[in-house]
1. If you count only protein heavy atoms with a 1.4 Å probe, what accessible area per residue comes out for region 249-340, rounded to a whole Å²?
2. Based on the Cβ-Cβ distance of Ala344 and Glu248, what FRET efficiency does E = 1/(1 + (r/R0)^6) give at R0 = 30 Å, to the nearest 0.05?
3. With springs only between Cα atoms under 10 Å, which of Glu108, Glu58, Glu249 fluctuates most in a Gaussian network model of the chain?
4. So what is the 222 nm mean residue ellipticity for the chain from helices alone, if each DSSP H run of at least 4 adds -39500 (n - 2.57) and you divide by all residues, rounding to the nearest 500 deg cm²/dmol?
5. Kindly report, to the nearest 10 Å², the accessible surface of Thr150 as traced by a 1.4 Å probe over protein heavy atoms only.
6. Charges only on Cβ, +1 for Lys and Arg, -1 for Asp and Glu: so what's the dipole of the chain about the Cα centre, in debye to the nearest 20?
7. Rounded, prolate or oblate for region 311-354? Axes are the square roots of the Cα gyration tensor eigenvalues, ordered a ≥ b ≥ c, and the cut-off for rounded is a/c under 1.5.
8. With the other protein chains left in place, how much accessible area per residue, in square angstrom, belongs to region 98-222 at a 1.4 angstrom probe?
Amino acid sequence: MGDLALFELSPRGSGAISVLQLTGRGALQRAGELCGKPLLVGSVTLARLRSGDEDLDEALVVVHGEDAVELHLHGSPPLVARIFSDIGLSREEPEARTPEERAEALLEKAPGEDGARILLDQVEGALRRRLEAWGGMDDDELQAEYALLTEDSRVARYALEPPRVLLAGPVNAGKSTLFNVLVGSERVICSPQHGTTRDLVLQRTELAGWPVDLLDSAGLWGSVRGAGAGGLDPVEAEGRRLARRALEEADIVFLLEPPLGGPAEALSGAGICLPLATKGDLPGAASGALSAAADPGAAAELCSARFRAALALPVRAWSPGRGVLFDPASRSWLEGLAAADLRAAAAAPGFVDQL
Ligand SMILES: Nc1nc2c(ncn2[C@@H]2O[C@H](COP(=O)(O)OP(=O)(O)OP(=O)(O)O)[C@@H](O)[C@H]2O)c(=O)[nH]1
Ligand SMILES: [Mg+2]
């Protein structure tokens, strides 16, 4: 009889039922402790699984022998993880080694249709086929192909890992109004009261068909109604702190500039800053300013176009059957290939298997 071990027999992820098998020395006793009652060999029992005083789930417990018990649980990943930790056994992560297996593991979390199609192509061997073709290329072709693969993979990454797009600017600039337009629903409060937004609000949406994580934020400067001589109230100050942090982390910052918005503060952040004049329908507005309130469709189009231009993105992410680097492992593999050694690398045995 081997040591106690717990295996997941059903596929990983959410499903109606998860089946776990407890095997080895003490399996029957450990299952009995989980069910809070002794179990008999050969029995099939509907039991409540418990951890101390906590009720975990109802499960069907099938006892094949003293060293083999099956637990049929509701298919919830957190519940399965909990059973593993309660039994005190670490859960072996299945080792996804080939690029096809790794792409398949990512498929479930693809952020949009294009991302899913890109991954599906890699599951079906598109990247492997692309790299296998390197063997028959001369130096010039290889250099061109290396550059093309790098660019294709850069573009695909935006479909696989949505960039963070922050709406920032002074109070009352129209950030929340634009946020609602871009997410397509009344997600956040908009009001003439300065300092309405305090929390950071994140919503996954699309710009020009590309998935993005869009953030609304508190105004970074400008007077706030209710602020006394002592300055901002602590909650407003906290909102500004969060907005500044978001600024550091954003890939793209739309910096909203309303008419009479006051002098713009110098913004520092790692991302690309795109100034966007707002409230174009008001007197004194900058020419070309968008008007999210008066013409939401045009405002969304303008933001989409500026987003796509800033990141040099094509109209669509997915080109059927194209091999791309799709995860950190494959990207660092390419970086590790010195451009000058491509031919030697491509000729080495097992070149593609190192991915
Ligand atoms: N005329 C006009 N008014 C607008 C436009 N966009 C927003 N507003 C109005 O401006 C006011 C402020 O809009 P919000 O979207 O709440 O502005 P905000 O930048 O989120 O403001 P805070 O959260 O307070 O920092 C509201 O009364 C909006 O209706 C616009 O394009 N034109
Ligand atoms: Mg707001």
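The values are calculated or read from the model by the stated rules, or taken from the named source; none is laboratory data. In this text, all values refer to a predicted model and were calculated from it rather than measured experimentally. Note: ideal-geometry Cβ built from the backbone for every residue, glycine included; neighbour counts use all protein chains shown. Side chains are part of the model used for accessible areas, which takes the heavy atoms of the whole protein and leaves out ligands, DNA and RNA. Shrake-Rupley method; radii C 1.70, N 1.55, O 1.52, S 1.80 Å.
1. 51 Å²
2. Numbers: r = 41 Å, r/R0 = 1.38.
Result of the calculation: an efficiency of 0.15.
3. Glu58
4. Numbers: 11 runs with 124 residues, N = 355.
Roughly -10500 deg cm²/dmol at 222 nm, from the helical runs in the chain.
5. 60 Å²
6. Numbers: 34 positive and 52 negative charges, 199 e Å.
Around 960 debye, computed over the chain.
7. Values: a/c = 2.28, a/b = 1.99, b/c = 1.15.
Note, shape of region 311-354 comes out prolate.
8. Values: 5450 Å² over 125 residues.
Per residue, region 98-222 has an accessible area of 44 Å².
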